[in-house]
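First comes the structure, then the notes that go with it.
Every number in this text was worked out from the coordinates using simple rules, so none of it is lab data. Computed from a predicted model, the values in this text were never measured in an experiment. Quick reminder, even Gly has a Cβ in these numbers, built from the backbone with ideal geometry, and neighbours come from all protein chains shown.
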Amino acid sequence: MGQVLHRGATTTEAIRRAIQHSQESLRTLARRHGINPKTVAKWKKRCSVADLPTGPKTPRFTILTVEKEAIVVAFRKHTLLPLDDCLYALQATIPKLTRSSLHRCLERHGISRLPEIEGSKPKKKKFERYPIGYFHIDLAEVHTAEGNSISSWASTALPSSPSSS
């Protein structure tokens with residue numbers, strides 16, 4: 001399997017190893033491998049051929065403290081509410097909580113997706129075959145935040161092709 005390099009990488013582990021074991025000058029090695037002499041000097045100094053990790057050494061959570069994260073995780077595990085409902089319920093306790101910080105917290109703890117509940121999704125059905133010229137019309141019911149239901153008609157034209165006859 002090949003080595004995965006980041007976007008700005010100019011050398012592979014094999015080139016880095018060759019640079020570290022070579023006795024040639026920095027300029028000669030840079031010309032041979034088509035890289036900057038500073039890059040050659042950097043890899044000559046290093047003990048390893050692996051890239052150093054980038055980013056902060058310890059992750060910073062600016063909005064959620066460890067205690068607040070524990071509250072969020074316990075609440076989600078206990079209630080199994082969707083993301084927006086969790087946000088609405090927890091904003092009284094954690095005023096600076098945002099939707100994105102809540103989602104990142106749930107992602108970190110591996111609970112961002114609700115578990116699949118048996119029978120929660122309707123089974124997929126195939127459309128019936130109709131003769132040429134018929135339309136299939138469905139009724140869709142939408143519930144608003146206030147709990148009202150709005151009925152609307154949605155029509156879908158099913159094209160009939162010679163191959164479907």
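Using θ = phi - 60° in the Karplus curve 6.51 cos²θ - 1.76 cosθ + 1.60, the 3J(HN,Hα) couplings for region 83-94 round to 3, 5, 5, 4, 4, 4, 6, 8, 5, 5, 7, 10 Hz; x is entered for Gly and Pro. Per-peptide packing, taken as the mean over residues of other Cβ atoms within 10 Å, places 24-33, 123-132, 6-15 in the sequence 24-33, 6-15, 123-132 from highest down.
Derived scalar couplings between HN and Hα for region 95-112 equal x, 8, 5, 10, 4, 5, 5, 5, 4, 4, 4, 5, 4, 4, 9, x, 10, 6 Hz in order, rounded to whole Hz, by the Karplus curve 6.51 cos²θ - 1.76 cosθ + 1.60 (θ = phi - 60°), x for Gly and Pro.
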